[in-house]
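Report on the following structure.
The values are calculated or read from the model by the stated rules, or taken from the named source; none is laboratory data. Because the structure is predicted, anything quoted here is derived from the model rather than measured. With ideal geometry, Cβ positions are generated from the backbone for all residues, glycine too; neighbour counts draw on all protein chains shown.
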Amino acid sequence: MRDDERKAAETRRDQALTDLDDLDDQLAAGEVDQATADRLGATYAAEVADALAVLGGPTVSANRPPPTADHLGPDARPRRRRRWLVVAGTVAILVVVTVAVVASARDRRPGEAVTGDVPAGPSTTAVDGATPTTRDLATVTDEE
């Protein structure tokens, strides 16, 4: 078999396996009905079988079901596994953050600001070593 024929068959096989995996996702999401999924699944499985026959791999016999992503081993569904790991990790992070926020939250006391204990009114705190003042800053001129 020529190298370009082998690459073409491998590409067909890989695409059909990807299509089978995507079809499972679409069926689970309700994007396609069962009859359509069965029809497309048979088409994709036949494409996998044809590609495997060209590559010299196992062929489909009359007493054996056609290959699907489930029958082709653990590496046939890496995207689904990775997707579930990402979802599970995201949910775990959200749970931890939610618990931390709830644990650190407390009721606001009367007179407290919504965002924390920032005192209202003119500031009497010195900034950068300056002398604290209670002067109305609206009366300060540009020359000062």
**Request:** Please find, within the stretch 28-70, the residue that is nearest to the chain's Cα centre (by Cα) out of those that are surrounded by fewer than 16 Cβ atoms within 10 Å (Cβ to Cβ), at pLDDT 60 or above and charged (D, E, K, R).
**Result:** Glu31
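Mind counting the residues in the stretch 112-144 that are modelled with pLDDT under 75 and part of a loop (DSSP other than H, G, I, E, B)? Give the derivation first.
Step one: list which residues in the stretch 112-144 are modelled with pLDDT under 75, which gives 112-135, 144.
So of that shortlist, the ones also part of a loop (DSSP other than H, G, I, E, B) come out as 112, 114-115, 117-135, 144.
Residues meeting the conditions: 23.
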